[in-house]
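Okay, so here's the structure we're looking at.
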Amino acid sequence: MSGFPSSNTSESNSVDSGCDLYNGKWFYDPQGPSYTNNSCPVITQMQNCQGNGRPDKEYENWRWKPSKCDLPRFDAKKFLELMRGKTIAFIGDSVARNQMESMVEVPQNRGNKRMQRWHFVSTSVMIVRLWSSWLVRETTEKIDFAPEGVTKLHLDAPDDKLMEFIPNFDVIVISSGHWFAKQSVYVLNNEIVGGQLWWPNGSPPMKVNNVDAFGISVGTILSAILTHPNYTGLTIVRSFSPDHYEGGAWNTGGSCTGKEKPLAIGELVENGFTNIMHEKQVSGFERAVKKATNKSKLRLMDITEVFSYRHDGHPGPYRNPDPNKITKRGPDGKPPPQDCLHWCMPGPIDIWNELVLEIIRREFEGNRN
């Protein structure tokens, strides 16, 4: 595949294998998903596309096939055995939560909105979901000409609340990016250097925009993990998840209404924002690798281009169970409110955890292809 930097950023930090997991094609599998929206009680309502009335189901049947090897279906018993006595943490925003929910099918959990934990007694495996919107330190106090109350992101400092838990984890699946579209102020070395949806008239020129800020934040959090004296685990960086708003952004009439199957090869429309976010993320990843001092491992799970083809996999207008909701364009051509960022469950996002399991298997078992 072309259009993005190579997922194998270096020999020592690519997945140990003779097969590139991210070069392949989507194929239709009549067997369908291994669970349904009714059998998995932890699905967030907005991702429960069938429960919200989506009429088509074929988007559930498309699976990913790497060109030179197989990607097995997610095997829960295999996963629990490989992870026996270990803890895996999904860290990030609501898309990270979306991925975690694809793995966990039991409703009981210990925790709160910020941190949830599922414990599988048979193998003493813990699955954790830890909320961290930007992955860097977030404050609201007044700094220079940025008033109190506006979110300040200290791009050169990791999220303290996140870092305190790092030694407890054996595998981390970490991701971010979409919150950099939200209002925030960027701080480096205690100096305001930029902002998103915030920059007062008469202020000095911005040095850092939201895309640059994202790249800096990735390098910061990964460097902190790779230099943590008490962390020796496996960190999987899930690359930027593409959205599919066509004709506008989420709040300016963007739409994915009516998309029912993946894009074919040659139909992919380049998304400049997705491309540059991915590029900045890979650059941050590479900077962190050079600073590593501990014995942990870092891997890039490069799903960005692969999932750029799955414009059919989002909830679209099927975000809630309201039977009277608008699901089609109006007479004026205006699309209904919709979600073209998160992923239906079941749906394409289930492939992410097949990739996670394969990366874990290769690290813990060695490649047996």
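Can you tell me which residue in segment 174-194 is nearest to Ser239 (Cα to Cα), limited to those that are among the small types (Gly, Ala, Ser) and either open to solvent by 50 Å² or more (accessible area, probe 1.4 Å) or touching a residue at least 24 places away in the same chain (Cβ under 8 Å) (or both)?
Initially, segment 174-194 is screened for residues among the small types (Gly, Ala, Ser), giving 175-177, 181, 184, 194.
With the extra rule that they be either open to solvent by 50 Å² or more (accessible area, probe 1.4 Å) or touching a residue at least 24 places away in the same chain (Cβ under 8 Å) (or both), the set shrinks to 175-177, 181, 184.
Numbers: Ser175: 7, Ser176: 8, Gly177: 9, Ala181: 17, Ser184: 22 Å.
Checked segment 174-194; the qualifying residue nearest to Ser239 (Cα to Cα) is Ser175.
Would you be able to say whether some residue in segment 115-127 is within 19 Å of Met345 (Cα to Cα), in contact (Cβ under 8 Å) with a residue 12 or more places away in the chain and in contact with a helix residue (DSSP H, G or I) (Cβ under 7 Å, 6 or more places away or on another chain)?
Yes, because at least one residue in segment 115-127 is within 19 Å of Met345 (Cα to Cα), in contact (Cβ under 8 Å) with a residue 12 or more places away in the chain and in contact with a helix residue (DSSP H, G or I) (Cβ under 7 Å, 6 or more places away or on another chain).
Restricting attention to segment 53-71, and to residues there that are closer than 18 Å to Asp350 by Cα and free of Cβ contacts under 8 Å to residues at least 60 places away in the same chain, which single residue is surrounded by the fewest Cβ atoms within 10 Å (Cβ to Cβ)?
Once the filter is applied, the top-ranked residue is Asp70.
Hey, among the residues in segment 322-365 that are of a type in the set (Lys, Arg) and surrounded by fewer than 17 Cβ atoms within 10 Å (Cβ to Cβ), which one's nearest to Met103 (Cα to Cα)?
Start the filter on segment 322-365 by keeping residues that are of a type in the set (Lys, Arg), which leaves 325, 328-329, 334, 361-362.
Filter again for surrounded by fewer than 17 Cβ atoms within 10 Å (Cβ to Cβ), leaving 325, 328-329, 334.
On the way: Lys325: 29, Lys328: 31, Arg329: 34, Lys334: 36 Å.
Top of the filtered list is Lys325.
So which residues in segment 152-187 are in contact with a Lys or Arg (Cβ under 8 Å, 6 or more places away or on another chain), of a type in the set (A, V, I, L, M, F, W, C) and farther than 21 Å from Ser241 by Cα, if there are any at all?
Once the filter is applied, which keeps residues that are in contact with a Lys or Arg (Cβ under 8 Å, 6 or more places away or on another chain), of a type in the set (A, V, I, L, M, F, W, C) and farther than 21 Å from Ser241 by Cα, segment 152-187 yields Leu153, Ala157, Val185, Val187.
Which numbered condition trips up Thr227, out of (1) of a type outside the set (Asp, Glu); (2) within 21 Å of Arg299 (Cα to Cα); (3) open to solvent by less than 10 Å² (accessible area, probe 1.4 Å)?
(3)
Does Gly333 satisfy the criteria of being assigned to a loop (DSSP other than H, G, I, E, B) and modelled with pLDDT of 95 or more? Spell out how you get there, then give the answer.
Working: assigned to a loop (DSSP other than H, G, I, E, B): yes; modelled with pLDDT of 95 or more: no.
No, not satisfied.
The values are calculated or read from the model by the stated rules, or taken from the named source; none is laboratory data. Model, not experiment: these values are computed from the prediction. Cβ coordinates were reconstructed from backbone atoms using ideal geometry, including for glycine residues, and neighbour counts include every protein chain displayed. With ligands, DNA and RNA removed, areas are computed over all heavy atoms of the protein, side chains included. Shrake-Rupley method; radii C 1.70, N 1.55, O 1.52, S 1.80 Å.
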